[in-house]
1. Note down all Cβ pairs under 8 Å where the first residue falls in the stretch 243-263 and is within 19 Å of Arg136 (Cα to Cα) and in a helix (DSSP H, G or I), the second is open to solvent by less than 40 Å² (accessible area, probe 1.4 Å) and more than 10 Å from the ligand (Cβ to nearest atom), and they're at least six residues apart or on different chains.
2. Out of the residues in the stretch 291-335 that are of a type in the set (A, V, I, L, M), within 15 Å of the ligand (Cβ to nearest atom) and surrounded by 16 or more Cβ atoms within 10 Å (Cβ to Cβ), which is farthest from Arg404 (Cα to Cα)?
3. Looking for something surrounded by 16 or more Cβ atoms within 10 Å (Cβ to Cβ), at positive phi and at pLDDT 95 or above - is there at least one such residue anywhere in the stretch 125-148?
4. Out of the stretch 263-285, which residues are of a type in the set (A, V, I, L, M, F, W, C) and open to solvent by 40 Å² or more (accessible area, probe 1.4 Å)?
5. If you take the residues in the stretch 82-105 that are at pLDDT below 95 and surrounded by 19 or more Cβ atoms within 10 Å (Cβ to Cβ), which one is nearest to the chain's Cα centre (by Cα)?
6. Out of all the residues in the stretch 1-48, which are more than 16 Å from the ligand (Cβ to nearest atom) and among the aliphatic types (A, V, I, L, M)?
7. List the pairs whose first member sits in the stretch 194-213 and is within 12 Å of Ser106 (Cβ to Cβ), whose second member is among the aliphatic types (A, V, I, L, M) and open to solvent by 20 Å² or more (accessible area, probe 1.4 Å), and whose Cβ atoms are under 6 Å apart, counting only residues at least 6 apart or on separate chains?
8. List pairs: first residue in the stretch 281-296 and modelled with pLDDT of 95 or more, second residue open to solvent by 10 Å² or more (accessible area, probe 1.4 Å) and acidic (Asp, Glu) anywhere in the structure, Cβ distance under 6 angstrom, at least six positions apart or on different chains.
Amino acid sequence: MADVILGVQWGDEGKGKIVDSLAKNYDFVVRFQGGHNAGHTLVIDNVKYALHLIPSGILYPQCKNIIGNGVVIDFQALDSEMQQFERLFSTTQNFHSTTGTLSSNSCLIDRLFISNRAHIILPYHVALDRFIENNRAKTKGLEAIGTTGKGIGPSYSDKVSRNGIQVGDIFDEEILHTKLQANLVNLAHLPLAFDIDSMLSEMRGFAKRFAPFVADTTQILWESTRNNKRILLEGAQGSMLDIDHGTYPFVTSSHTGIAGALSGTGLNAHDIDSVIGVMKAYCTRVGNGIFPTELHDEAGRFLQQKGMEFGTTTGRPRRCGWLDLVAIKHAIRFNGCTKLAIMKIDVLDTLHEVKVCVGYEYEGEVIDYMPYNLNVKPIYKSFSGWNGSARVREFSKLHANAKRYIEFIEEYTGSKVWLISTSPEREDIIEIP
Ligand code: IMP
């Protein structure tokens, strides 16, 4: 059976810490959508490791890691990410002794699998991403999305319009050449120039580098479910950035929710056991787009500084605001979350007052759902603040006001709070059985 971890806000909820702390219990950890627009940092022995594409199970020797068919891959980015772990593991005796002898030149072989059906991000996708963004920014009445500029949207566009290049294509140079040439013809009307020969030669190198990792990952997952293996599906971005159910068009270009977990792996609904929704105790978003509970005052600056709200992938400061329970309920509903993990409760420590949004004022009415047009005014419920939640590991030891806050989240959403994170450290988690 598989468990799914999803963000239920606009991304950056802290899924990385939860996946990292749960991965040891799983045989497989799988990324199913997005690309290197995602990211989180792990610190081991004071050295930072950035994860963008490689699933978080890579640090557990027993865990196999899959980049599923729903992901879009920038080979250059994947190569450098793999190198940091190849360097780490080749110098870690302990790791080798637990994984056994690996005869190949990469110690990640048999630990990392890349779907032959995943799509590739090519230089023209990156150029198009920037071109489209600039164009939107210059167009009266529109605004740039504020993408990560990594070519994610254009690569998914090619996939959907059936012009995409899949990982499996890089092993047949003739096919690759034909497809690339046709795609460049489609771009010929734009003021952008691309060199097909350099792309082909780069892909030749990548074909050699990645051949030992490419596999039919759906078959691997089907076989592992037959053998009762435990699978963890790791979402990237967040539900409110979902292409269908998020704040379109200020979203990413994939299905970040449960639908993506299935279509991006080949598993079906019966394979899913639990769906864990991860949320911060407040709310952040990067990039443009409506954010009803955004704060532009001292409280917003407090959350940004204390929560260290700067993007892992782009370094951009994150916009900060109060918790929006209307949006969370929307995400819980369309994902079928069975339990919640609340992150960064300690960031709220010392605040005199903490607010949560429990409804929207919309066209003169009070509503408790997300309307098509999110031009709404948030309605808040106010809580007295608390102190001392940092590093607490038992629910009973939380301040009464913090407990009240958590209990209200449960009550409002109808979803059980299972985990509460009280610091960035791996072990600082409260589990509520
Ligand atoms: P794209 O995914 O680069 O196309 O960016 C589309 C939107 O999703 C932008 O608002 C990005 O800031 C946002 N986004 C993409 N990846 C992440 C992420 O990992 N965390 C938070 N926001 C993200």
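The values are calculated or read from the model by the stated rules, or taken from the named source; none is laboratory data. Remember, predicted model here, so these are calculated numbers, not experimental data. Cβ placement follows ideal geometry from the backbone for every residue including glycine, while neighbour counts extend to all protein chains displayed. We work out accessible area using only protein heavy atoms, side chains counted, and drop any ligands, DNA or RNA first. Shrake-Rupley method; radii C 1.70, N 1.55, O 1.52, S 1.80 Å.
1. Sorted first by the residue in the stretch 243-263, then by its partner, the list stays empty.
2. Ranking the qualifying residues of the stretch 291-335, first place goes to Ala331.
3. Yes, that holds for at least one residue.
4. Listed by number, the list holds a single entry, Ala269.
5. The selected residue is Phe85.
6. Scanning the stretch 1-48 gives Met1, Ala2, Val4, Leu22, Ala23, Val29, Val30, Val43, Ile44, Val47.
7. Pro212/Ile109
8. Between residues of the stretch 281-296 that are modelled with pLDDT of 95 or more and residues that are open to solvent by 10 Å² or more (accessible area, probe 1.4 Å) and acidic (Asp, Glu), the close pairs are Thr284/Asp12; Asn288/Glu143.
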